[in-house]
Every structure is written in structure tokens, then in C-alpha cells.
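Single-structure report; data block below.
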Ligand code: GLN
């Protein structure tokens with residue numbers, strides 16, 4: 001069987017199982033099995049696939065057909081153009097979270113070009129904290145997570161991207177653990193409603209840590225707690241970025257407005273044009289944008 005045929009056949013199998021992005025997923029698995037870059041793979045579609053590698057590819061495909069997420073099978077996931085190690089201990093970084101990173105970089109560069117202290121609360125794999133450290137050489141980042149398991153993964157990713165000196169890992173469930181006030185807080189906390197948990201795809205429900213997803217009855221339990229404590233560890237001109245589900249935009253901005261009545265608060269949409277993030281500029285008066 002040629003490489004091209006193997007790819008096509010795998011994509012068909014995945015499609016039949018209603019797995020999204022079947023071609024892309026088959027491509028990632030096949031490249032992993034063959035140890036090829038995307039360009040190499042497409043240059044060799046008419047080559048015969050070595051049979052030992054084809055066997056291992058088919059084993060991976062079986063795992064994927066049983067709904068194991070591709071990043072778990074290949075052991076990594078790309079996020080913000082960086083490669084992160086992931087496993088069952090952490091939530092797989094999502095593309096929509098890149099918005100949070102992009103905005104955080106933008107704000108930090110404009111406001112605190114000298115030195116900047118940032119916290120990533122609920123860091124998980126460390127994808128946000130590490131991306132910020134890579135793109136903001138002037139920043140020091142406290143990456144907080146209540147799960148020791150998750151911090152082990154974050155630590156692997158800090159080492160992988162050589163930012164251990166500027167990303168400090170803190171085992172805690174609260175920003176009150178911060179040793180000093182920070183300029184910028186970035187939060188991708190669990191925000192899935194309890195009632196929605198059983199409706200999540202099996203890839204998520206059966207393979208990703210529930211505690212990284214479950215946000216209580218309205219999904220906002222952990223975010224509310226974080227925001228209530230945030231003011232105590234934020235500089236007077238600080239900024240908070242919070243990822244959310246689109247339907248949480250109204251209750252979340254209303255809650256933030258009560259906590260930070262003077263702040264400029266706005267909602268930003270992701271690439272799918274869904275409300276995805278609340279930006280709270282604590283030190284900026286209402287009506288004045290960046
Ligand atoms: N976007 C994630 C999902 O539903 C949820 C992430 C989160 O709770 N922080 O797959």
C-alpha cells in the first residue's frame with residue numbers, strides 16, 4: 001500500500017465514524033507513524049509505506065476510532081505555533097485559547113514593555129504560560145494549578161521551550177497564592193456547566209480531566225471565585241482576561257462589573273465569531289479603550 005492510499009483509507013474510516021477533520025487527523029497520525037514532516041509526506045504519497053510502520057499506524061488509527069484524542073496518541077499538540085507535550089493529566093490546548101494569548105501579548109507589549117508580571121491561573125499543560133514567556137521576553141509568569149499532575153506536564157513544557165527561569169509553577173487553586181501583585185491575569189478555567197458534561201464528545205468526556213472542565217451548575221463557579229480574589233493580587237492598572245463559553249458573556253460581564261465598577265470591560269469574539277473572552281481593564285475608566 002502506498003502512503004497516499006494509507007492516508008486516504010484512514011481518512012475514510014475516520015469519516016465513517018463521524019470523526020471531525022478526518023483528513024487532518026489521519027495526516028497527523030500517519031506522519032507520526034512514519035516520522036515525516038507534512039512536506040515530506042506529500043512528496044512521498046506514491047511511495048510504498050514500510051509495513052512495520054503501517055502496522056503501527058493502524059494501531060494508532062484503532063485507538064483514534066475508539067475516540068482517544070489524536071494529541072494523546074502522538075503525545076503532543078500544536079498551540080500558538082509551538083509544540084506542547086500533552087497526556088491525560090491535562091486539558092488539550094484548544095485553538096480558541098490562542099485568542100487569549102494573542103490579546104495578552106498585545107496588551108503586555110503596549111503597556112508594560114519594561115517588565116511585566118503575569119499569572120496564568122489554571123495553567124494545565126502550561127500552554128498559555130509558556131506561549132506568553134516565549135513571546136514576551138520581559139515577562140515573568142506565575143503558572144498556577146491545583147493539580148500536581150498538571151504541573152508536572154507544565155514543567156515538561158517549560159523545559160521544552162527553555163522558559164523555566166521565567167515561568168514559576170505554583171500548586172494552588174487561588175491567585176491569593178501569588179507572592180506579589182501582577183499586571184496581567186489570564187484565566188482559562190473550567191467553564192462547562194455540570195449539566196453539559198455528559199453531552200461532551202467522548203474524546204473529551206472519557207479522556208480529558210473532568211476537573212479541568214467542570215465549572216459547577218452554571219459553569220462559572222471557578223471563574224467567579226477567581227475574579228472575587230483577583231483584585232487583591234492585581235496592580236492598580238492591571239488587566240484580567242477570562243475565557244468563557246459564548247452564552248456566559250452576559251452573566252460574566254455583569255458579575256465583573258459589580259466587582260470592578262470602574263473598569264473598562266469588553267467581550268471579544270474568537271475566529272468563529274463567538275463571544276469567547278472577557279477583558280477587564282481594572283485601572284481604565286469605562287468608555288476608554290486601549
Ligand atoms: N472549550 C472547552 C471545551 O468545551 C472547555 C474548556 C474549559 O472549560 N476551560 O471543550
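Could you give the length gained on full extension between residue 24 and residue 83, defined as 0.36 nm per residue of separation minus the Cα-Cα distance, in nm?
So the chain would gain 19.6 nm between residue 24 and residue 83.
To test your reading of the geometry: what angle, between 0 and 90 degrees and rounded to tens, separates the Cα axis of helix 249-259 from the longest principal axis of the chain?
Roughly 30 degrees between the two axes.
What are the equivalent ellipsoid semi-axes of the range 81-134, built from the alpha-carbon gyration tensor (square roots of five times its eigenvalues), in whole angstrom, biggest first?
With the √(5λ) rule applied to the range 81-134, the semi-axes are 22, 11, 9 Å.
Quick one: Cα centre-to-centre distance for the range 84-105 and the range 141-180, in angstrom?
Here the answer is 14 Å between Cα centres.
Once both axes come from the Cα atoms, what is the angle between helix 3-16 and the longest principal axis of the chain, in degrees from 0 to 90, rounded to 10?
The answer is roughly 60 degrees.
Can you give the percent of C-alpha pairs in the chain whose distance is more than 29 Å?
38
Sorting 191, 85, 42 on the 10 Å Cβ count, fewest up front, what's the list?
Least crowded to most crowded, the residues run 42, 85, 191.
Output the relative contact order of the range 39-98, whole-number percent, from Cα pairs under 8 angstrom with separation of 6+ residues.
20
Just to be sure I understand: with springs between alpha-carbon atoms less than 10 Å apart, which residue in 128, 118, 73 has the highest mean-square fluctuation in the Gaussian network model of the chain?
The residue that fluctuates most here is 73.
Of the beta bridges DSSP finds with both residues in the range 47-205, what % are antiparallel, to the nearest 5?
Counting DSSP beta bridges with both partners in the range 47-205, the antiparallel share is about 20 percent.
Given the chain, what percent of its DSSP beta bridges are antiparallel, to the nearest 5?
Roughly 45 percent of the beta bridges in the chain run antiparallel, per DSSP.
What do you get for the angle between helix 98-111 and the principal long axis of the chain? Use alpha-carbon atoms, 0 to 90 degrees, nearest ten.
That works out to roughly 40 degrees.
How would you classify the range 139-262 from its alpha-carbon gyration tensor, with a ≥ b ≥ c the square roots of the eigenvalues: rounded for a/c under 1.5, else prolate if a/b is greater than b/c, otherwise oblate?
oblate
Express the relative contact order of the chain as a whole percentage, based on alpha carbon pairs under 8 Å and six or more residues apart in sequence.
Computed over the chain, the figure is 13 percent.
What share of the DSSP beta bridges in the range 167-288 is antiparallel, in percent to the nearest 5?
Within the range 167-288, antiparallel bridges account for around 65 percent of the total.
Values quoted throughout were computed directly from the atomic coordinates according to the rules given, and no laboratory measurement underlies them. All of these numbers come straight from a predicted model, not from anything done at the bench. In this analysis, Cβ positions are derived from the backbone assuming ideal geometry, glycine residues included, and neighbour counts consider all displayed protein chains.
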